[in-house]
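Before any comments, here is the structure.
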Amino acid sequence: MQSEFQKIFQEIQADPDNESFTKQGIKPLYYASSSARINIIGQAPGRIAQEKMKFWDDPSGDRLRTWLGVSRDVFYNSGMIAILPMDFYYPGKGKSGDLPPRKGFAQNWHPQLLELMPDIQLTILVGAYATRSYLHLGYKDRLTDIVRNYQQYLPDYFPIVHPSPRNKIWEAKNPWFEEQVIPDLQRRIQIILNN
């Protein structure tokens, strides 16, 4: 099984669409394991994550782990949590934040990796790009409404907002997220990790 994961990793690096990254010695940043039970799909690595080759190792990651109710050790070392961003490379800086993940990237590589992870019981969709893509929703569908109605996407998908500290204003306006959504997310994760 490990050789199959390695083969996909090498194919990602060899893909002409990723040539500019590979030539710079930049490796794709994601984590996949045959033992994974939970899958986290976010936007794409940020510049610092790509430089450090470690995802969610920042204040946003700290908040995400708090929301999930898991320690750093479980998050990074248990082998039970997969991380498949919508793009495995930092897409660059835009006018108001990072550029969006490249179109078609996730559709090309996620299915191959997910096929090697048959025990995934819950996929957490972080932010608008992952949520709209995986739930096949359009830009008219507001992320707030999607997250508020998260139960209709269970048991397979659990959409949440991005844990960026910048979203604290959004959380203050939507107290139901911390009061109802987060406790349910933590409960489901503990059940999965403990069984």
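The values are calculated or read from the model by the stated rules, or taken from the named source; none is laboratory data. None of these values were measured; they are calculated from a predicted model. With ideal geometry, Cβ positions are generated from the backbone for all residues, glycine too; neighbour counts draw on all protein chains shown. Surface accessibility is based on the protein's heavy atoms, side chains included, excluding ligands, DNA and RNA. Shrake-Rupley method; radii C 1.70, N 1.55, O 1.52, S 1.80 Å.
Checking the stated criteria, Lys54 turns out not to satisfy the condition of being open to solvent by 40 Å² or more (accessible area, probe 1.4 Å), over 28 Å from Glu178 (Cα atoms), touching a helix residue (DSSP H, G or I) at 6+ places or on another chain (Cβ under 9 Å) and basic (Lys, Arg).
Restricting the first member to the range 172-195 and to residues that are closer than 19 Å to Thr123 by Cβ and charged (D, E, K, R), and the second to residues that are open to solvent by less than 100 Å² (accessible area, probe 1.4 Å) and assigned to a helix (DSSP H, G or I), no beta-carbon pair is closer than 6 Å while six or more apart or on different chains. Checked against the criterion of being under 19 Å from Gln107 (Cβ atoms), of a type outside the set (S, T, N, Q) and under 13 Å from the mean Cα position of the chain (by Cα), the candidates Ala32, Ala14 yield just one match: Ala32. The set of residues in the range 23-58 being basic (Lys, Arg) and either part of a loop (DSSP other than H, G, I, E, B) or on the phi > 0 side of the Ramachandran plot (or both) consists of Lys27, Arg37, Lys54.
Is there a residue being of a type in the set (A, V, I, L, M, F, W, C) and within 16 Å of the chain's Cα centre (by Cα) anywhere in the range 174-187?
yes
Restricting to the range 9-22, name every residue that is surrounded by fewer than 16 Cβ atoms within 10 Å (Cβ to Cβ) and assigned to a helix (DSSP H, G or I). Once the filter is applied, which keeps residues that are surrounded by fewer than 16 Cβ atoms within 10 Å (Cβ to Cβ) and assigned to a helix (DSSP H, G or I), the range 9-22 yields Gln10, Glu11, Gln13, Ala14, Pro16, Asp17, Glu19, Ser20.
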